[in-house]
1. What is the one condition in (1) open to solvent by less than 60 Å² (accessible area, probe 1.4 Å); (2) assigned to a loop (DSSP other than H, G, I, E, B) that Asp157 does not satisfy?
2. Restricting attention to the stretch 124-133, and to residues there that are touching a residue at least 60 places away in the same chain (Cβ under 8 Å) and open to solvent by 30 Å² or more (accessible area, probe 1.4 Å), which single residue is nearest to Leu10 (Cα to Cα)?
3. Taking the stretch 179-193 only, how many residues are more than 25 Å from Ala265 (Cβ to Cβ) and either out of contact with any Asp or Glu (no Cβ under 7 Å at 6 or more places or on another chain) or buried (at least 24 other Cβ atoms within 10 Å of the Cβ) (or both)?
4. Taking only the stretch 194-217 into account, find how many residues are hydrophobic (A, V, I, L, M, F, W, C) and open to solvent by less than 10 Å² (accessible area, probe 1.4 Å).
5. Working only within the stretch 8-22, note down all residues that are surrounded by 12 or more Cβ atoms within 10 Å (Cβ to Cβ) and closer than 16 Å to Phe141 by Cβ.
6. With respect to Gly139, is the statement that it is without any contact (Cβ under 8 Å) to a residue 24 or more places away in the chain and either crowded, with 20+ Cβ neighbours inside 10 Å or touching a strand residue (DSSP E or B) at 6+ places or on another chain (Cβ under 8 Å) (or both) true?
7. Within the stretch 253-268, take every residue that is within 13 Å of Val279 (Cβ to Cβ) and touching a helix residue (DSSP H, G or I) at 6+ places or on another chain (Cβ under 7 Å) and give me the one that is surrounded by the fewest Cβ atoms within 10 Å (Cβ to Cβ).
Amino acid sequence: MTIMMRAARLHAVNEPMRIDDVEKPMAAGTDVVVEVKACGLVPNLANVLNNWETWYPHQPLPPKPAIFGLDPAGVVHQVGDQVVAIKPGDRVYVNPLRSCGACHACASGQQMKCEYFTFNGYFGFNRNSLEIFKRYPEGGFAQFMGAPQSAIVKIPDNMTFPQAARMGYLGTAYSALKKLGILAGKSLIINGATGTLGVGATLFALSMGVSRIYAVARGKPLLEKLKALSPNRIEILSNLDGEVADWVRSKDPAGADFMVDCLGAVADVNAMKDAMTGVKRGGRIVNIGGTGSDMLFNTKWWMDNSMTLIGSAWVSTAEGMEIAELVRSGALDLSVLEARTYPLDRINEAINGVASGNGGFTNYVLEP
């Protein structure tokens, strides 16, 4: 007997999503089915739905009609017969990172380096992702979704489903900060600090012992809101008021120890270049915003100053587990995130309303 569920699906680019009745997934083998309670709305989702096939044709979207939804959280509904450590009723986050599961990168816990690396419910990184979309067609904009057990992060009771639906973006910032090395007592530039990634990076930087944060963005009201999180450790600058590197070096002539760049796809790449030059000799710079433009900078500066430039995409399931434990223990407080929730029937309103709140402090969530 076929059991149906409701899902929001994109049938064609530049058209609104439609609410359809589709077949509910069934769990088998090492897969699970999760009843979705909340799914985060990506700030860049409207661009992906309307422009991605033109901007990045080498990074395929799921075949249409497609169920999007990148950051789902919910309750385990059913488990396959090979699943032993997860049971129905578990409260979970579903990591949308998919990979082949069998290559060296996957076996070593570095699925982001797999040739089949795919954002389930969003887009793929090469044509191999089409094979992943066949196997896992549901994103989080549906009542139920299938996923491999390797994608499941159990969440603590003190983490709400809307908070868990921010896990991917929080985790992207957390994973980037881990790549910088020991952070205790260090200084850090966060470029694009008031966006979804930037607020997450700030919260983790504070919890991981960064002594001074140079927070850079455009809007002053949100910068002031960010500074209020820790007035003695956070310095703020609107990049409309001057060059980032000059400002940082006015505070510390040597420059900052590290930098995380959180600027989005359509940001001016020169703003990233400016902030980079505020990092001291031997510093590390991690890019997680994905500004979609070529950048020219002096490679001799890079060599002479022994700089390290790192690209970091998303978060591993293991890192998601670490975040869940930080929340459970109280080391990370997500209460500053303001949830703005929408029912499934208002999916198109939700997509168009993502930029209407308090920057990265507002958590936009669909509740199927």
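1. Unmet for Asp157, out of (1) open to solvent by less than 60 Å² (accessible area, probe 1.4 Å); (2) assigned to a loop (DSSP other than H, G, I, E, B): (1).
2. Our first condition is that a residue be touching a residue at least 60 places away in the same chain (Cβ under 8 Å); within the stretch 124-133, this holds for 124-127, 129-130, 133.
This time we only want the ones that are open to solvent by 30 Å² or more (accessible area, probe 1.4 Å), so: 125-127, 130.
Details: Phe125: 19, Asn126: 20, Arg127: 20, Leu130: 16 Å.
Of everything passing the filter in the stretch 124-133, Leu130 is nearest to Leu10 (Cα to Cα).
3. The initial filter retains those residues of the stretch 179-193 that are more than 25 Å from Ala265 (Cβ to Cβ), namely 181-187.
Those left that are additionally either out of contact with any Asp or Glu (no Cβ under 7 Å at 6 or more places or on another chain) or buried (at least 24 other Cβ atoms within 10 Å of the Cβ) (or both): 181-185, 187.
So the count comes out to 6.
4. Within the stretch 194-217, the subset hydrophobic (A, V, I, L, M, F, W, C) is 197, 199, 201, 203-206, 208, 210, 213, 215-217.
Right, trim to open to solvent by less than 10 Å² (accessible area, probe 1.4 Å) and you get 199, 201, 204-205, 210, 213, 215-217.
Selection size over the stretch 194-217: 9.
5. Going through the stretch 8-22, the residues surrounded by 12 or more Cβ atoms within 10 Å (Cβ to Cβ) turn out to be 8-11, 13, 15-20, 22.
Those that are surrounded by 12 or more Cβ atoms within 10 Å (Cβ to Cβ) and closer than 16 Å to Phe141 by Cβ: Ala8, Arg9, Leu10, His11, Glu15, Pro16, Met17, Arg18, Ile19, Asp20, Val22.
6. Numbers: without any contact (Cβ under 8 Å) to a residue 24 or more places away in the chain: no; either crowded, with 20+ Cβ neighbours inside 10 Å or touching a strand residue (DSSP E or B) at 6+ places or on another chain (Cβ under 8 Å) (or both): yes.
No: the conditions fail for Gly139.
7. Once the filter is applied, the top-ranked residue is Gly255.
Here's the yes/no breakdown for (1) open to solvent by less than 20 Å² (accessible area, probe 1.4 Å); (2) in a helix (DSSP H, G or I); (3) touching a helix residue (DSSP H, G or I) at 6+ places or on another chain (Cβ under 9 Å):
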{"site": "Leu223", "(1), (2), (3)": "yes, yes, no"}
{"site": "Asn232", "(1), (2), (3)": "no, no, no"}
{"site": "Ala245", "(1), (2), (3)": "yes, yes, yes"}
{"site": "Val248", "(1), (2), (3)": "yes, yes, yes"}
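The values are calculated or read from the model by the stated rules, or taken from the named source; none is laboratory data. Only a predicted model underlies this, so the values are computations on that prediction, with no experimental measurement involved. Backbone-built Cβ (ideal geometry, glycine too); neighbour counts: all protein chains shown. Each accessible area value is taken on the protein alone, full model and side chains, heavy atoms only, with ligands, DNA and RNA left out. Shrake-Rupley method; radii C 1.70, N 1.55, O 1.52, S 1.80 Å.
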